[in-house]
Amino acid sequence: MTDAKDAGKPPARRDRFRFDWDDVSVFLALARHRSLSQTARVLSLTHSTVGRRIKGLEAALGTKLFERTASGFLLTDGGEVLLREAEGMEAHVAEISAAFSGEAAEVGGTIRVATMEALGSLFLAPRFVGLYEKNPSVRVELVTASHWINLSKREADVLISFPRPRGHRIASEKIGEFSLFLFASPGYLARFGAPASVADLAGHRFVDYIDELVVISAVRWLSDVLRDQETVFRSTSLVAQYHAAAAGMGIAMLPTFVASADPRLVPILTSEIKVKRDFWLSVHDDLAHIPRVRTVLAFLKDLISENAAFLNGVDGS
């Protein structure tokens with residue numbers, strides 16, 4: 001029965017919020033895993049429940065949050081806005097829980113790190129165990145590519161690149177550098193002779209990139225020091241070049257983190273030929289405040305700093 005004094009007033013809203021808070025956690029999981037099946041598995045839900053919860057959230061907010069593509073569920077512009085807010089909510093909830101439990105909030109969640117193939121596969125991958133030992137709830141997805149990774153489109157959360165990336169609201173910091181030298185196998189040198197000077201390189205065989213398929217010009221490091229050399233093997237993959245050189249195919253310009261600790265390769269003319277590149281660590285402004293992102297950024301900065309000698313020397317130390 002309606003009270004007389006309430007007559008004519010609009011009915012009071014029974015829902016203070018337009019959405020179910022629990023649906024936000026489902027949204028976060030799908031945004032991170034991009035797959036209904038993986039999201040359902042992580043949350044111990046069925047595929048249909050995940051789909052229903054997302055549709056309910058989209059209806060409550062009046063906006064489409066995901067586009068379903070061949071590569072998985074990708075965030076729309078509205079989804080990007082909600083992701084920033086939802087991750088802030090998640091971090092704040094963790095801080096509240098820690099404040100009342102008397103314990104430090106555990107850093108956890110998935111973070112996608114992107115970098116060039118050789119750095120990711122040969123240097124970073126085996127060293128991420130150090131991150132996991134201190135932060136067992138963090139999960140890294142390592143993306144290796146020979147093209148530019150777009151942080152603005154959330155293709156990754158964190159990027160380590162050789163040239164400094166450009167983009168809207170991208171924070172970048174130089175965190176170190178690495179050196180490249182010419183390397184060849186002992187078998188190759190026994191067959192073709194060890195060059196005693198730069199002039200001697202004219203008669204040697206080389207391994208290099210496929211020039212017309214190079215997307216990032218900073219990897220044209222061999223051309224920094226040599227021109228018109230005889231190249232007998234080319235590949236878009238630095239790892240392939242590394243293995244070809246180790247097998248005796250020819251001389252290759254390789255980063256120290258790739259070749260200096262491999263007994264199958266020896267450096268050549270190190271006092272005369274040396275190339276340097278910078279390491280740039282980048283993150284989108286919207287992600288820099290998230291605890292797991294801050295943790296991984298700090299880990300990567302420390303890792304590059306602690307390995308400075310190895311990254312710039314040829315003795316494998």
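Given the options Ile304, Ile268, Ile251, name the one that is of a type outside the set (Asp, Glu), under 18 Å from Lys174 (Cα atoms) and buried (at least 16 other Cβ atoms within 10 Å of the Cβ). First the steps, then the outcome.
Details: Ile268 fails: under 18 Å from Lys174 (Cα atoms); Ile251 fails: under 18 Å from Lys174 (Cα atoms).
Answer to the check: Ile304.
Give me the residue from segment 123-141 that is touching a strand residue (DSSP E or B) at 6+ places or on another chain (Cβ under 9 Å) and more than 20 Å from His33 (Cβ to Cβ) and, out of that set, surrounded by the fewest Cβ atoms within 10 Å (Cβ to Cβ).
If we take residues in segment 123-141 being touching a strand residue (DSSP E or B) at 6+ places or on another chain (Cβ under 9 Å) and more than 20 Å from His33 (Cβ to Cβ), then Ala125 is surrounded by the fewest Cβ atoms within 10 Å (Cβ to Cβ).
Residues Gly88, Gly79, Gly51, Gly56: which one is modelled with pLDDT under 85, outside any strand (DSSP E or B) and of a type in the set (Gly, Ala, Ser)?
Gly88
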Filtering segment 234-254 down to residues that are over 26 Å from the mean Cα position of the chain (by Cα) and either of a type outside the set (A, V, I, L, M, F, W, C) or not assigned by TED's automatic domain parsing to the domain that holds Ser121 (or both) yields Gly248, Gly250
Of the residues in segment 38-79, those that are exposed (fewer than 14 other Cβ atoms within 10 Å of the Cβ), β-branched (Val, Ile, Thr) and under 24 Å from the mean Cα position of the chain (by Cα) come to Thr69
*Hey, Leu189 over 23 Å from Ile251 (Cα atoms), out of contact with any Lys or Arg (no Cβ under 7 Å at 6 or more places or on another chain), outside any strand (DSSP E or B) and not acidic (Asp, Glu) or not*: no
Note to self: Being buried (at least 21 other Cβ atoms within 10 Å of the Cβ), in contact (Cβ under 8 Å) with a residue 60 or more places away in the chain and assigned to a helix (DSSP H, G or I): is that true of Val283 here?
What the structure shows: no
Among residues of segment 201-214 being at pLDDT 90 or above and surrounded by 14 or more Cβ atoms within 10 Å (Cβ to Cβ), the residue farthest from Tyr242 (Cα to Cα) is Leu201
Only one of (1) at pLDDT 95 or above; (2) exposed (fewer than 12 other Cβ atoms within 10 Å of the Cβ); (3) closer than 20 Å to Thr144 by Cβ does not apply to Arg191, and that is (3)
Among Ser223, Ser235, Ser161, Ser217, the single one that is over 25 Å from Arg264 (Cα atoms), of a type in the set (Gly, Ala, Ser) and surrounded by 13 or more Cβ atoms within 10 Å (Cβ to Cβ) is Ser161
Filtering segment 250-276 for residues that are in a loop (DSSP other than H, G, I, E, B) and not small (Gly, Ala, Ser) leaves a count of 9
- prompt: Hey, does segment 117-139 have a residue that's modelled with pLDDT under 90, in a strand (DSSP E or B), among the hydrophobic types (A, V, I, L, M, F, W, C) and in the same structural domain as Ala259 (by TED's automatic domain parsing)?
  reply: yes
| Do the conditions hold for Arg166, that is, is it of a type outside the set (A, V, I, L, M, F, W, C), in contact with a Leu (Cβ under 7 Å, 6 or more places away or on another chain) and either surrounded by fewer than 13 Cβ atoms within 10 Å (Cβ to Cβ) or assigned to a helix (DSSP H, G or I) (or both)? | no
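The values are calculated or read from the model by the stated rules, or taken from the named source; none is laboratory data. Only a predicted model underlies this, so the values are computations on that prediction, with no experimental measurement involved. Don't worry about glycine lacking a Cβ; one is built from the backbone with ideal geometry, like all the others, and counts go over all protein chains shown.
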